[in-house]
1. Out of (1) more than 14 Å from chain B (Cβ to nearest Cβ); (2) exposed (fewer than 15 other Cβ atoms within 10 Å of the Cβ); (3) over 30 Å from the mean Cα position of the chain (by Cα), the odd one out for A:ALA258 is which?
2. How do the strands (runs of 3 or more DSSP E) wholly within the stretch B:327-408 filter down when requiring 3 or more residues that are of a type in the set (D, E, K, R) and open to solvent by less than 20 Å² (accessible area, probe 1.4 Å): which remain?
3. So which strands (runs of 3 or more DSSP E) are wholly in the stretch A:252-334 and hold at least 2 residues that are at pLDDT 85 or above and under 29 Å from A:ASP88 (Cα atoms)?
4. So A:THR204 ticks every box in (1) of a type outside the set (Gly, Ala, Ser); (2) without any contact (Cβ under 8 Å) to a residue 12 or more places away in the chain; (3) more than 11 Å from chain B (Cβ to nearest Cβ) but one. Which box is left unticked?
5. The conditions are (1) more than 11 Å from chain B (Cβ to nearest Cβ); (2) open to solvent by 20 Å² or more (accessible area, probe 1.4 Å); (3) at pLDDT 85 or above, and A:GLU166 fails exactly one of them. Which is it?
6. Take A:PHE10 and tell me if it is more than 8 Å from chain B (Cβ to nearest Cβ), open to solvent by 40 Å² or more (accessible area, probe 1.4 Å), under 25 Å from B:ASN28 (Cβ atoms) and touching a helix residue (DSSP H, G or I) at 6+ places or on another chain (Cβ under 8 Å).
7. Given (1) in a loop (DSSP other than H, G, I, E, B); (2) more than 8 Å from chain A (Cβ to nearest Cβ); (3) in contact (Cβ under 8 Å) with a residue 12 or more places away in the chain; (4) farther than 30 Å from B:GLY455 by Cα, where does B:ARG792 come up short, assuming only one miss?
8. Of all the residues that make up the stretch A:27-61, how many are more than 8 Å from chain B (Cβ to nearest Cβ) and assigned to a helix (DSSP H, G or I)?
Amino acid sequence: MVDRISSLQFFNQGVSTLSQRFADTVATQAQIASGRRVNTAADDPVAAARILQLEQEQALRQQYLSNIDNASSRIELQDSQLQAVVDDLARVRVLTVQAGSGTLSSANRAAIATELESVQQDLLALFNSRDADGEYLFSGFQGGTRPFEQLSTSVFDYRGDAGQREVQISSASTILVSDSGQSLFVDIDAGRNTFLSSSASSNTGDAGIFNTSVVDQPLFDQAFPEDYNIVFNSPSDVTPAAANFTVSQKSDGRVLLANALYEAGEPISFNGLELSISGNPAEGDVFAIESTNKQGILTTVGKLIEGFGAGSTLDSAGREQLVANTLTSLDNIEENLGFAQASLGGRLSTLDTTAASLESIGIITDSRLSELRDLDLTEAISRLSFQNVILQAAQQSYATVSRISLFNFIR
Amino acid sequence: MPGLLNIGLSGIRANQLGLTTTGNNIANANVEGFSRQRLEVGTRPSQFLGSGFVGNGVDVQDITRVADQFLIDQLRVDTSRATASSLFRSNIEQVDSLLADSSTGLATTLDNFFAAVQTGVDDPANLPGRQTVLNAAESLASRFNLLYDRFTSQSSSVDTQLVSASREVTTLAQGVAALNQQIEQSLRQGNGSSPNDLIDRRDLLLKQLADKINISTTTESTGAINVFLGSGQALVVGGTANQLSTATNAGSNGLDVVLQQGTASLRISDEVTGGELGGLLGFRNEVLGQVFNELGRIAIVLGDAVNNTQQLGVDLEGNLGQSLFTEINSTAAATARVTADFNNAQPPDRELSVFIDDTARLSTSDYELNFVGPGDENYIVKRLSDDALVASGTISGGFPVSINEFDGLRIELEGGSFQQGDRFVIQPTRFASRDFDSVINRPQELAYGVPISTGSSLGNIGTGGISLGDILPNAAGTAIGVTSDGTIQPPLIIRFTSATTFDVLDNSDPNNPVALVPPLTNIPFVPGRANSLFAEDSGLTQVRSDSSGLQFASAVNGFPAETITITTTDAGSGISSPQSLAIDANTSARSAAQLLSGLEGVVARANTEVVLQVNDAGVGTNLLSLSLNGEDLTDPGLGAVPIPVTADFLRDRINDNANLQASGIFALSNGTDLTVRSTSGEDLSFAILNGDAGDTLNFTSSNGSADVGSLAVGDVATVGGVLEVDLAEGAVLESTVGRFAVAEPSALAAYRGFQAELTGIPQVGDEFFINAGTGISDNRNAFILADLQDERLASNGSASIAEVYSQLVSQLGARTNQAQISDQANSALLQQAQANRDSVSGVNLDEEAARLIQFEQAYNASAQIINVARQLFDTLLDAVG
């Protein structure tokens, strides 16, 4: 301790001490005003890094919650579309049973077929439904492509893919928010072997396939799962020149029908199946027949329409078989859709529980964040009043001491 | 009484001077740097007058200044420290608050960007959602640019202050030199009395000098003070002063401090630690450089990761994604990373640029490329953060030369006269946050989809499934598979030829799928687990062996003995390791494939196929009798044999034969043509054991190529299979001529750039498809994009982007905190030093008041002595008179 203090030193020190005390007071006041203990990283470097991390986690959590909201509304939209499909199918079942009654006239059956047609169109519209952005709900990743195209009453093409969209709902889990039309509406066990038909995209003629049916199930089952190609040859291959086609097995190229003459609408049958081609096929056009044990919903309804419609050639035994087949298919369809709806419900409940857990973690993070960042107000206010007392004492004592001078006494 | 009068006079003179000195002290009480002065008086030598020594009064000896040189020096040192730490602190606080604040830092915009990408995951086709991503990318880019600008302006304000501080140092040094001269002169003139005011003024100038830069001093016997900077560079010597100025430095870090000593100029930036200059330089070197580089690194890592992901994806219009942010290795950016030292030899013709090959390994350091000699071709690369030697070598040979593989960087020397002594500063990350920009304008161009779409045939009977498919790294522009515009070409169909084998075919014409080049057939499938379709080795090649053709009158396939050598060259080290395999004559393709697959880096498959017609005249006495690989195909014991024998009959016999089935041999028939295949590459050996003359087997092709020949009764014909050999990256197959028609059969690229997996239990005839993806409802790539937020992309895969940033903020916070503490300590020390100096040299008014009274009283008393002397004289005169 120096025992000699120069006057300038006393004044300088007084001023700097006062300004330091004042700065302390203002810093505390700033903390109280912002409510935060850590205003810049320098205030508490360790806490600052943790705060940045927690804030990022919090932002992510908000994002996950909004993902969950979006996923819920998407799943609910799908669920309501599926419910509409289920309702339509209930009507199909009623009409099928009704049409199976032997007492109906062909006019009555045709009326049923007409109603079935409107149900089928409704189903087609549901399968091709879109969300608010105009994306098709059931076409997998091909949201810009109409998934179901009708080629004839019972022939439909699926143009989507098997894509299923996932959305992140927490740092560790994702949830599926879409199902493809193929898995929902097409890949359904038919209960027996049947076949699909399609015309190649490279076809230049306008011919299409209709009235497809398995007429001899045992014979068809024997050749199953053989696939077939129907290829239209050059008209000059036969004399006189006329449209003609060749049916061959896909696996080994065996020819089943060679250069058969084409007659529009006439049934073509081989290996237990029967189908008709109508329109004007061009040379080189290809129609593919694929054996399968699956049958899509639209095809199931379409075959019913063809079997009961005005132009049907089915006898009563054939109709009975058709009704029995359809009922089996409807059972499988309902099972498939029921499974899909259960899965949607399961996803919705997963979303709910995930949201709840995210929110409770959010509360914990919030409190941790507040512990790190926020000010203990009681402590800060008492600190402020203490600093105030000190500042005032410093000011008063300075004023008192600075008034003392020997010159006051030299008179 | 002349003695008494003289004594009184000497007292008056001394005390008058005392009053003047005190008055001077009072008058200068508030003058900075003034040292209080004291009158030094001494008793006059007394006179021996017989009765003893009689006093003679007082003598004024000197007016001295009260000062302690140690305290003055200490004050100077503490001033340097305190100014440096206070400037350092105020500058770092600006950076700290800029980066840590959520409204000016990077964290919020980074979070916003990834949050916007998440909306793409939720709803990839939503255009307003995509626009949000573009807006967020835009504001992220402008935040990077803004931070760069702010730090640049801070850097240029540092430069401005360096310039003005250097000028002031020069002025002050000139002042000190001038004072040195005056003091020397005054000391000579004053006969040893010190020129107090000049010395005070010089001390004040030295303190102001210490406020600008750290100095050390020595005092000459003549009274002059020499001033030195840093490690002993002279600023003032006696009456001459050197100049301090600034000059641009190598690299782009702003100005250097330069001391001009006559014609020589010394760069002393590294020596300056104290004062204003020390604080500014310290801030620039320790803080600003690191902040620039760390921000740049974040920009590079983020930009590169986002761009790479974008480029693997497909946008809303079905096109391959483009970079969302500025390319990190654009020509402009690559050249800007190098600055040539201005001392490099003329002409300035060196062309070189720096590319970043691996952002994960990128550091925040700057580097230096030095041509150290001997000769012009030897160079070393040094990392400046720790002075580590990271690369060295020679550039002998022509340009271009690349200096590879240190910290993820690659230096390309394109040309110019590189010479010994050349020096280049390399700043890989410095400018990246300036160059960071968002370059996509249309929301449709965000590539949220993956350009691969898979599907299964509606006619599938088994329970097999195909995964959604992934694009692999380095996919674009693969020779086969992903085209340069990123679409999958040709579309593929996967067809199961049995429950455990499948073919992958070109499905360009869905009515007639054809084999791929190179072929991908008879791939084994393990039911019930995930089977990857393609190899993921981007250097994979395939070599196909040739067919021996049908060997008539032979029970063996006719392949000669041969030696196959596989030489694998490691891409990194260039070391080649050969593996040799001797294959005996007539070995079946199946055995050869097994042997080859035993070698490292080799996967071999084999298959055999032959097409024939059976020509059974069916009329003679002898029934046609046939065998395949020793199995009797016309054994009547197994059921009736038709006459004539048909292709269908043989097909059924072959397919029903358990031994043939075990060898993977099966047959197809279309009624006339019989196709016999072995999926494992067994030899197929046909014999007509018995029959009529004219009964023949007519062959039309073997292993896919026309091979016409006829087998008569009693004959045997054999065909061997072909090998498909997959070679890992760097592997080359050579062979003595045999199974391979040439010694070095050409290898075809087999890496497709995408992958899909087959699962479940498919059945024969089941089909799966792989097509180009359109990306409309596909969110898979958006998913990957969103995942980049948490992915550990930086620091060799140890930190995510957000973590790197929070590390920067916390390091900076810690540094700021430390700067605040040391600033407080240094200013307390300065106060203490100032107090110490002031307590010795400062004027205390009370003390001076007391002195005033003291001297006044003594003066009065001295006057009284004269009065007494006068009265004594008068008394004496009266007595005499």
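1. (1)
2. Per the criteria, no element qualifies.
3. A:273-278, A:286-294
4. Going through the list (1) of a type outside the set (Gly, Ala, Ser); (2) without any contact (Cβ under 8 Å) to a residue 12 or more places away in the chain; (3) more than 11 Å from chain B (Cβ to nearest Cβ), A:THR204 breaks only (2).
5. (1)
6. So A:PHE10 passes the test.
7. (3)
8. Final tally of qualifying residues: 15.
The values are calculated or read from the model by the stated rules, or taken from the named source; none is laboratory data. Being a predicted model, the structure only gives us computed values, none of them experimental. Don't worry about glycine lacking a Cβ; one is built from the backbone with ideal geometry, like all the others, and counts go over all protein chains shown. Heavy atoms of the whole protein, side chains included, go into the accessibility calculation; ligands, DNA and RNA do not. Shrake-Rupley method; radii C 1.70, N 1.55, O 1.52, S 1.80 Å.
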